[in-house]
1. Suppose we filter the range 42-56 for residues that are open to solvent by 60 Å² or more (accessible area, probe 1.4 Å) and under 23 Å from residue 13 (Cβ atoms); how many remain?
2. Filter the range 206-241 for residues that are out of contact with any Pro (no Cβ under 9 Å at 6 or more places or on another chain) and of a type in the set (Lys, Arg) and give the result.
3. Quickly run through the range 285-331 and pick out the residues that are open to solvent by less than 30 Å² (accessible area, probe 1.4 Å), within 16 Å of the ligand (Cβ to nearest atom) and not aliphatic (A, V, I, L, M).
4. Quick check: is even one residue across the range 18-28 in a helix (DSSP H, G or I), touching a residue at least 60 places away in the same chain (Cβ under 8 Å), loosely packed, with under 15 Cβ neighbours inside 10 Å and of a type in the set (Asp, Glu)?
5. Looking at the range 61-103, which of its residues are open to solvent by 10 Å² or more (accessible area, probe 1.4 Å), more than 13 Å from the ligand (Cβ to nearest atom) and among the β-branched types (Val, Ile, Thr)?
6. Run down 262, 268 and say which single residue is more than 14 Å from the ligand (Cβ to nearest atom), open to solvent by 50 Å² or more (accessible area, probe 1.4 Å) and in contact with a Gly (Cβ under 9 Å, 6 or more places away or on another chain).
7. Might you check whether a residue that is within 16 Å of the ligand (Cβ to nearest atom) and polar (S, T, N, Q) occurs anywhere in the range 199-220?
8. For the range 183-194, give me the residue count where each residue is out of contact with any helix residue (DSSP H, G or I) (no Cβ under 7 Å at 6 or more places or on another chain) and open to solvent by less than 60 Å² (accessible area, probe 1.4 Å).
Amino acid sequence: MSRPKILIARAISPEVVTVLEQHFEVQSNQDDVAWSPTELAERLQGIDGVLTTGSQRIDADLLAACPQLQICANMAVGYNNFDVAAMTAAGVQGTNAPDVLTETTADFGFALMMAAARRITESEHFLRAGQWKDWRYDLLAGAEVHGSTLGILGMGRIGQAIARRGAHGFGMQVVYHNRSRLSPELEADCKARYVSKQELLSTADHLVLVLPYTPEAHHTIGAAEIASMKPTATLTNIARGGIVDDAALAKALANKTIAAAGLDVFEGEPAVHPDLLALSNVVLTPHIASATMGTRWAMAQLAADNLIAYLGGQEPVTPVNHLEHSRRSAA
Ligand code: DGY
């Protein structure tokens with residue numbers, strides 16, 4: 001019997017390519033060429049499963065053009081690149097890569113928040129530009145982190161991991177807002193207090209966004225929300241571009257409506273709003289919150305486990321949709 005055929009749409013850890021080659025006929029993109037949607041559809045002809053990253057859009061048009069495709073395994077916890085309704089209607093399984101990146105991503109979110117609060121990159125640019133001439137009592141003075149109030153919008157696993165860092169490591173008061181409230185046990189573990197979105201905005205010294213992107217979450221943080229934050233506050237976005245209105249944020253940072261921001265994700269990335277690039281009070285990083293080699297390996301391995309399970313006739317490990325009918329049973 002011939003082995004299922006899979007496509008690895010972007011370069012991944014070579015060890016995981018080797019694992020996949022033990023199970024499948026593998027076509028891989030280890031040269032990491034960014035394919036257009038049309039090229040992706042061409043490459044997917046005759047392919048049973050695809051390992052995607054957040055940069056391949058899987059929608060109704062692509063699924064109609066690739067009738068053999070049975071599973072899309074995303075190497076990311078977020079899956080806003082999937083049209084999940086279209087996948088379910090087409091009988092195509094979707095999976096994501098939760099848990100394995102939680103602590104690494106929380107580390108980065110905390111680092112970005114601290115960099116914004118303590119003006120780390122601004123200070124480095126100042127020094128490299130030869131502007132450091134003398135000691136001054138207020139030279140590049142930033143905001144306290146320890147003992148301040150940490151606000152978290154989106155209290156899933158990554159939000160909770162950031163809360164623990166703040167509460168247990170830095171003596172911060174943690175407030176959060178989420179679609180659903182945590183259990184009392186989890187709230188106690190994170191030392192976190194549930195508040196309304198409005199109270200979160202007005203009380204946080206450092207607000208970190210960790211909510212998933214959905215059309216309803218578009219511009220959750222816009223001009224009005226930023227205006228209700230403290231003028232000394234920082235805003236950190238490690239969630240997804242589009243959750244923050246980047247133009248409104250740039251204006252607010254320029255006007256000092258809030259003190260600083262840390263952004264790892266952007267509307268229309270890899271493009272970055274030019275007004276943000278011109279500001280010194282924002283720390284900008286290129287969507288790397290989960291980027292350690294160990295975590296990127298674990299994310300790819302989990303995507304591989306999903307492909308191996310599903311195309312081997314088992315339940316996927318981390319499904320994002322439930323199929324009433326599937327292309328797998330029809331195949
Ligand atoms: C995720 O897993 O959703 C990250 O944003 C990808 O790096």
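1. Counting residues in the range 42-56 that are open to solvent by 60 Å² or more (accessible area, probe 1.4 Å) and under 23 Å from residue 13 (Cβ atoms) gives 2.
2. Scanning the range 206-241 gives a single hit, 230.
3. Listed by number, the residues that qualify are 285, 290, 295, 306, 318.
4. No.
5. 84, 88
6. 268
7. Applying the first criterion (within 16 Å of the ligand (Cβ to nearest atom)) to the range 199-220 yields 208-214, 217.
Checking the rest, the ones that are also polar (S, T, N, Q) come to 214.
Scanning the range 199-220 turns up at least one residue that is within 16 Å of the ligand (Cβ to nearest atom) and polar (S, T, N, Q).
8. So the answer is 2.
The values are calculated or read from the model by the stated rules, or taken from the named source; none is laboratory data. Not measured: the values here are computed from a predicted model. Reconstructed Cβ throughout: ideal geometry from the backbone, glycine too, with neighbour counts over all protein chains shown. Side chains are part of the model used for accessible areas, which takes the heavy atoms of the whole protein and leaves out ligands, DNA and RNA. Shrake-Rupley method; radii C 1.70, N 1.55, O 1.52, S 1.80 Å.
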